[in-house]
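This report refers to the structure that appears directly beneath it.
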Amino acid sequence: MLPSAPTALFVLRVVVLLAGLGFAAYGDWKIREVDDGVWQATGLVGAAAGFVAVWGHPLGVVLWVLVSVWALEHLFAWDAPLERFSERLPGWIELGVYAGVLTTIIVCAVHFGVGASGVPIEVIGVAAAILLARGLFEIGVLYGGADAKALMVAGLLLPVDPTPLWSPPAAAVLLGYYPFALTVLIDAALFAIVVPIAIAVRNLSAHEFTFPRGFTGYTIPVAELPERYVWVKDPTFSGGGTENEPEPQTTEEDRALRQRQADELAKQGLKRVWVTPQLPFILWILAGTLAALAAGNLVFDILTAL
C-alpha cells in the first residue's frame, strides 16, 4: 500500500537530508571541503517540499517563499558579481533581507497569530535555523561555512522536530514546537564531547599532557604537517612568518599554507609542532541528525529520564 501524501513528503525530506549530509560528511572527512552543489540541491528540495506542505494556506505560502529564499541565498554565490561594484554592497543587501524577512514574520505573527490560521510554525523553525547557524558562524563556534550551511539545510528540510522513533513522553511533547536544527546541533555537540577526551587520552599515553591545552591539541612531526588536516598552534609565527596570510579558501590553499609553515619550522631546527585538528564537524552533524530522528533532543531525553 502506498503511503499517504504527508508521509511520503516526510520520507522524501528525511532521505534527501540524510543523503546530502552523508555525501557532505564524506567530503569533509576526505578533504575538509564540501561542494556547494550539495547544499544547493538539498536546499532546493527542502524549499519545494515546504511549499507543498503549506499549499492551501495563502499566508503560509507567502511566508514560506520569503523564508526559503532567505535560506537559499546563503547557498548560492549571488554576491560575487555585485562585489565588482562595491565590496560592501552584498552585505547591505543581505542585511536588508534579514531585516525585511524578520520584520514581516514578526508583524504577521502579531497580527494573525502563530499556527494553523497564522504564521506556520515551520516558517519560524526555518528562521530560527538561519539565525542559529549564521550567529554561531559569525562568533566562530561554527568555524566552517559548510557547517552553518548544513544546519540551514537541516532546518529547511525539517523545520521543526518530527516525532522521534523513541523519546520519553515528556520530552516528545516539547519537540513539536522546537527547531529541528537546534536539536541536531545539541545532539552533535554531545557526540563531539568524545574528541577532547580522545585527545587527552592520546596526550597522557604520550606523556605530553598539559592543562588545559592537552584537551585540544597534540604534537606531530614537522615533516608530517603538510599532509595532516591541522592548525599550527605552537610555535606561532611572527615577523616574516605566515600568520598574516589570507585565510585559505580551498583544500589546496590550506595544504600550501601548511607546507610553507613546515618549511619555516624546519629552518628553525624544530622537529615537532603543537597542533589542533581540523575536525570534520559535518560528521557530527550527520550523527546528530540520526540521533534527533531516532530519539529527539538527547538533552531533553536525559533530563526527563532523571
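Bear in mind that the values in this text are calculations on the coordinates, not laboratory data. Note that the structure is predicted; figures quoted are calculated from it, not measured. Cβ: placed from backbone, ideal geometry, glycine included. Neighbour counts: every protein chain shown.
Could you tell me which of rounded, prolate or oblate describes region 22-104, using a ≥ b ≥ c as the square roots of the eigenvalues of the alpha-carbon gyration tensor, with rounded for a/c under 1.5 and, failing that, prolate when a/b is larger than b/c and oblate otherwise?
oblate
Within 10 Å of each residue's Cβ, count the other Cβ atoms and sort SER117, SER167 from fewest upward.
SER117, SER167
Is the shape of region 10-152 best called rounded, prolate or oblate, per the rule: a/c under 1.5 gives rounded, else a/b larger than b/c gives prolate, else oblate, with a ≥ b ≥ c the square roots of the Cα gyration tensor eigenvalues?
Oblate is the answer for region 10-152, as a/c is 1.5 or above yet b/c matches or exceeds a/b.
Please compute the contact order of region 5-159 in relative form: average sequence separation of alpha-carbon pairs under 8 Å and at least six residues apart, divided by the residue count, as a percent.
Relative contact order here is 30 percent.
Just how far, in whole angstrom, is region 6-65 from region 70-103 if you go by their alpha carbon centroids?
What the calculation gives is 21 Å, centre to centre.
For every helix of n ≥ 4 consecutive DSSP H residues, a contribution of -39,500 (n - 2.57) applies; sum these over the chain, divide by its total residues, and give [θ] at 222 nm rounded to the nearest 500 deg cm²/dmol.
-20500 deg cm²/dmol
Rank the residues ASP35, ASP187 as a footprinting-exposure proxy: fewest other Cβ atoms within 10 Å of their Cβ go first.
Sorted ascending by nearby Cβ count, the order is ASP35, ASP187.
Quick one: length gained pulling VAL61 to HIS111 fully straight, 0.36 nm per residue minus the C-alpha distance?
Full-extension gain reported as 16.3 nm.
Could you list LYS271, LYS149 in order of exposure, starting from the residue whose Cβ has the fewest other Cβ atoms within 10 Å?
LYS271, LYS149
Under a 5 Å amide H to amide H cut-off, with H placed in plane at 1.01 Å, what residues pair with GLN278 once short-range neighbours are removed?
Here the answer is VAL230, TRP231, since their amide H atoms fall under 5 Å of that of GLN278.
In the chain, what % of DSSP beta bridges are antiparallel (nearest 5)?
Here the share of antiparallel DSSP bridges comes out near 90 percent.
Kirkwood-based Rg over Rh for the chain (C-alpha set), two decimals?
1.03
Return the distance in nm (one decimal) between the two label points of a simple spin-label model at ALA189 and LEU270, each offset 7 Å from Cα along Cα→Cβ.
3.2
Please name whichever of ALA154, LEU89, ALA53 sits farthest to the positive end of the charge dipole of the chain, dipole taken about the Cα centre and charges placed at Cβ: Lys and Arg +1, Asp and Glu -1.
In the chain, that residue is ALA154.
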